[in-house]
Amino acid sequence: SALKKLIWPLVLEQVLAITVGLADTIMVSSCGEAAVSGVSLVDQIMVLLINAFSALATGGAVVAGQFLGQDRREEACKSATQMVWFITICAIGITVLVYLGKSFILHTVFGKIDQDVMHHADIYLLIVAASIPFMALYNGGAAIFRTMGNSKVTMQISIIMNVINIGGNAILIFVFGMGVAGAAISTLVSRIFCA
């Protein structure tokens, strides 16, 4: 019963974290196939990073959980703080690498893609890459909340993040006609809120 209370919000939270990119892909479909392809390619990298940060955060949270289980709260707080700092510094480093290696990612990792798709992927990556430290910070915080047995709060934040993203997409894509840039901006804003 206690395990079910922890697992269901966790599963839903992970699904919602990935849904942000999926919503961008679906909502940008009104801008054409090239826009969908560009967003989709970049989103694959973001999903990989989300999973990597989640794994790092979970590993750090295990140490904090062991201290909590031993009723050593001060050590638990220290290890949680260290994990948050570590994951954030790693994320900032990865963000810098993504910006420095943007050309490599677009031309080598994605291979030979249509110029129009490349243009949309370039715009989306340029804006969404700024959300990498916020994704990491969110994952670190979420892992700490789960360690304390409160996975419901992270699930609620994920729901709000998706509402902000979908609402932002609707306004920026359909009202202001910003296309891929609008989807990227609303994703960035929703991840900043989430963190």
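Taking V96, V180, V128 in turn, the Gaussian network model of the chain (Cα-Cα springs below 10 Å) assigns the largest fluctuation to V96. Helix 73-100 versus the longest principal axis of the chain: what is the Cα-based angle in degrees, 0 to 90, to the nearest 10? Here the helix axis deviates by roughly 20 degrees. Grouping the Cα pair distances of the stretch 95-172 into 10 Å bins from zero gives a pair-distance distribution of 16, 33, 30, 19, 3 percent in increasing distance order. Residues E33, E75, sorted by accessible area with the largest first, give E33, E75 [1.4 Å probe; ligands and nucleic acids excluded]. Averaging the Cα positions of each part gives two centres, and for the stretch 119-147 and the stretch 54-96 these lie 17 Å apart.
In Å, the Kirkwood hydrodynamic radius of the stretch 54-103 over pairs of distinct alpha carbons?
On the way: mean 1/r = 0.0842 Å⁻¹.
By the Kirkwood definition, the hydrodynamic radius is 11.9 Å.
The order of M155, M148 by accessible area, most exposed first and with a 1.4 Å probe, is M148, M155.
Taking 19 Å as the cut-off, the amide N atoms of the stretch 65-84 that come nearer than this to a point 7 Å along the Cα-to-beta-carbon line of L10 belong to 65-70, 80, 83-84.
Rolling a 1.4 Å probe across all protein chains gives F193 an accessible area of roughly 110 Å². Extending 7 Å from the Cα toward the beta-carbon at both N51 and I18 defines two label points whose distance is 0.8 nm. Averaged over its residues, the chain has an accessible area of 51 Å² per residue, based on protein heavy atoms and a 1.4 Å probe.
When the solvent-accessible surface of protein heavy atoms is calculated with a 1.4 angstrom probe, in what order do K152, K102 fall, highest first? Walk me through the numbers before you get to the answer.
Values: K152 120, K102 40 Å².
Descending accessible area places them as K152, K102.
Remark: the stretch 8-77 projects, on average over all directions, an area of 5.8 nm² (convex hull of Cα atoms). Each Cα pair under 8 Å and six or more residues apart adds its sequence gap; the mean of these over the residue count of the chain is a relative contact order of 34 percent. As a fraction of the 1.4 Å probe accessible area of the chain, surface on carbon and sulfur atoms comes out at 71 percent.
Cα-based Rg of the chain per 2.2 N^0.38 Å, rounded to two decimals? Display every interim value, and only then the final one.
Details: Rg = 17.7 Å, N = 195, 2.2 N^0.38 = 16.3 Å.
It is 1.09.
Largest GNM mean-square fluctuation among T81, T25, T58, using the chain with Cα springs under 10 Å: T81.
The values are calculated or read from the model by the stated rules, or taken from the named source; none is laboratory data. Since the model is a prediction, treat every value here as computed from it, not as a measurement. Here the Cβ is made from the backbone with ideal geometry for all residues, glycine too, and neighbour counts use every protein chain on show. What goes into the accessible areas is simple: the full protein's heavy atoms, side chains included, and nothing from ligands, DNA or RNA. Shrake-Rupley method; radii C 1.70, N 1.55, O 1.52, S 1.80 Å.
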